[in-house]
Structure formats: structure tokens, C-alpha cells
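The values are calculated or read from the model by the stated rules, or taken from the named source; none is laboratory data. Keep in mind the model is a prediction, meaning the values are calculated, not measured. Reconstructed Cβ throughout: ideal geometry from the backbone, glycine too, with neighbour counts over all protein chains shown.
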Amino acid sequence: MPKHKHTDGETPGHWPKAMPFRVPVNYFPRQRREILAAIGHGWTTNPPESARREIDRISPLLGELKRNGVNGRWNENRPAMDDVQTERNKIDAADIVQPAPVKRMDSVRWGAAAAAVAGLLLMLQLMTNRPVEEESIAAAPAAATTMDSIAFSFEDISAYLAENVAFSSEMDGNTTTPSTPEQFLASADLLAAPEGLAKQMESIPVYELEAYINDVPPMVD
Amino acid sequence: MSNQLHDGEILRMFGIPGTREKAFESILSKYQERLYWHIRRLVIDHEDANDVLQNSLIRAWKGLNGFRQDAQLYTWLYRIATNESLSFLEQKKKKAAVRMEDVPQWMTDQLKAEEGFDAEQMEWKLQLAIQQLPEKQKLVFNLRYFDEMPYEEMSRILGTSVGALKASYHHAVKKVERAMLED
């Protein structure tokens, strides 16, 4: 936009033609601002100097470097925020957003827990007269990675947990609902599960089970 | 960038338990890269920068409920990241038993150990020159030159007056320029 072309009085640094009087260019900034404010120009504060103009003024060399793309991000070809990193951040973010960190259990305890859960599932199915899908259980591949692969859905587990907690409470007269997997398993005395089932249950991703029992969304592995 | 949420909206969402995680994810996607490079320019090493960034974000998560909004969100995040970086550097210096007067050389050595270091490239030359600055000037230089942060925001981050920051920046720029021309 050419100089002295403004008529709206909005753009700082230029005088609208329709100004009732001209203010000397070298007038002190504060007085100039006051005058402009008084005549309704609206430019009542000095616009902050941009970082780019400032560096050009202080050091043309560094200003030139900046224009040529020197940005303080070295090694960008070795990506600092590459995919791996982004993935890692996602996981870390998931860690962060859990207000109460989930207590990790070692593999031995998880094996015992898995065996116990399997045993209880069988018990539940026997109690509810639902035929055990033996074939599914027996044929579950060693590399099975989901609950579905051993023919139990999360709905089954959910129902089982709900019923079993009540069942164990009735049995030992303890009305307190167990709040941790350890408490839950201890109260139900479930550790005598068949060994074969324990092996199969090892294929369940532990974080899913852990997440389910702790009532938190499963974390991405 | 256009589909990023405004800070006000993010903070509103963070106050609601159901949208809290989404709000924090928005903060991550909006600011984590900038924060990462701010931290990295201070601690130099990529892995260190990652650790400090994680600590900063954990602090932000814990403290966001108490954020009073009398500063901008990114100013507040920068402040956390800056404090975390300086604390980290202090600990690292202690562990390495680096004397005060040896700090610039120690930082320079770390920079030279970076993968792909090439003293002939302007980016590296500039970084080497920056490592010669005192800590405060280095911070001011980084925030103004690279992040183009307004002095008013810097003042909130560093707890220094705008006038002092302008003077610091001026000195820092002159020192960096001299170092590059001497090289």
C-alpha cells in the first residue's frame, strides 16, 4: 500500500489525508500518541518491534542468517521428533494422563493371576450351566493374543468378575469389594488353577487384563 | 495448524474430567515440538531433551488445574520447560564436576559430540557461538532470535524486566556476531 494513502486512520505509521492537522514527524512519541488518541486515530501505543526487524537493526549478519533458514534446529535430518519419538510421546502421554499410575505386576504374578482368572471362568461357566467351549480352549494357539482366542469375550469376563466378587464376598463374609487385583485374587483364593489353562492364559496381553481389572483404558503398547 | 484448538478452549476442556485427556493431547500436539527445541537448545543432547520434555509435561499435567490464566498457556509451558532445563543442567554439571568457568567449553564439547556436527555449517557455527554466552543471555537470545518471543512474554518466563531483557539480547547478539566473525 503506498504511503499517505490511508484514509481509515487504522494503519499505524502513516497519516491519514483527512487529518485536521499534521504532527511534526520528529515529535516525541508520547506526545504524538496523546495527540493521535485525542483525535481518535486509535493508535495509542507503539507497536512492538518485530523480532526480525530488531535483529536486522542490531546485527545484519544474524538477520541474514535468519532469512536464510538458520533456525536453531540442527540435525533435523536426524529427526528429533520422528515417528518413533512421536509414538513414544503418545505412550508417555498416556502414562501422564493416568492420574493414578497402574501398579505393574511381574510375569510370575501375572501368570498366577491369569491362571486364577481362567479357573474362575470355568467355575462360572459350570455354575451357569453354560457348556465350556473345550475345543476352543484346547485349540487355542500358543501365539493367541486376545481374549477372543480362548472363546471368552470381555462380556464374559465382565459378568464373571461381577458375580465372582459377590461370590467371594459371601463366602468369606467380607463385604468389602477388593480394590486391587492382588486383593481380588487373594480374597477369592483362586491360585489353584489348572496348569494347562495357566499356560493358555499367558497369551492374554497383560495390559488388557490389568487395564480391565483396574478399570482404566488399555494403553497402547 | 488451523484445526488446533485455542488455548482458552483447551483449558476449558481440561477442567472437565471427560475431556481432560483430549485437552492435554491438544497441548502436546500444539506445543511439544516448540518446547522440545527450546529445551534441546539448552541441554544440547537429544535424549536429555526428551527426558526434560517429559518431566516438563508431567509438571504441566499436574499443575494445569492451578493455572491461573494471568499468563498465556505457552508462556507458562515455556517457564516450566526453562526451569526444568536449568535444573537438569545444574545436576548434570554437578555430576560431571564441571567448574563454572569451564561450562562454556563443556557445552561446546557436547555440541561437537552431536551426530552430524560440521563446524563449517552456519547452523553449527551459530550454535558454537551461542554456547559462549552466559546462561541468562543464552536464554534470552534463544527465545528472541529463534522463537521470536515478545519481550513481555519473556519477562514473565524469566522474571526480568523488559528493559533488562532488551539490553541482554543486544549484548548477546553482539557477542554472537563477534564470535562468528572471529571464527
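A few comments on the model shown:
Conditions (1) touching a helix residue (DSSP H, G or I) at 6+ places or on another chain (Cβ under 7 Å); (2) within 28 Å of A:Leu65 (Cβ to Cβ); (3) loosely packed, with under 13 Cβ neighbours inside 10 Å, marked per residue:
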| residue | (1), (2), (3) |
| --- | --- |
| B:Arg79 | yes, yes, no |
| B:Thr82 | yes, yes, no |
| B:Gln91 | no, no, yes |
| B:Arg99 | no, no, yes |
| B:Pro104 | no, yes, no |
| B:Gln110 | no, yes, no |
| B:Glu115 | no, yes, yes |
| B:Gln121 | no, yes, no |
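- Considering segment B:1-42, and only residues there that are over 25 Å from A:Arg73 (Cβ atoms), within 11 Å of chain A (Cβ to nearest Cβ) and of a type outside the set (D, E, K, R), the residue that is surrounded by the fewest Cβ atoms within 10 Å (Cβ to Cβ) turns out to be B:Pro17.
- In segment B:43-52, the residues that are surrounded by 20 or more Cβ atoms within 10 Å (Cβ to Cβ) and at the interface with chain A (Cβ under 10 Å from one of its Cβ atoms): B:Ile44, B:Ala49, B:Asn50
- Qualifying residue in segment B:65-73 (condition: surrounded by 13 or more Cβ atoms within 10 Å (Cβ to Cβ), within 20 Å of the chain's Cα centre (by Cα) and either at pLDDT 90 or above or facing chain A (nearest Cβ under 10 Å) (or both)): yes
- For segment B:108-125, a residue qualifies if it is more than 15 Å from B:Leu42 (Cβ to Cβ) and at the interface with chain A (Cβ under 7 Å from one of its Cβ atoms), and the qualifying residues are B:Glu115, B:Gly116, B:Met122, B:Glu123, B:Trp124.
- Hey, B:Trp124 touching a residue at least 12 places away in the same chain (Cβ under 8 Å), over 27 Å from A:Arg52 (Cα atoms), not β-branched (Val, Ile, Thr) and not assigned by TED's automatic domain parsing to the domain that holds B:Tyr36 or not: no
- Single condition B:Ile157 does not satisfy, out of (1) away from every other protein chain (no Cβ under 12 Å); (2) surrounded by fewer than 20 Cβ atoms within 10 Å (Cβ to Cβ); (3) touching a Ser or Thr at 6+ places or on another chain (Cβ under 7 Å): (2)
- Only residues that are in a loop (DSSP other than H, G, I, E, B) and among the hydroxyl-bearing types (Ser, Thr, Tyr) were counted in segment B:146-175, giving 2.
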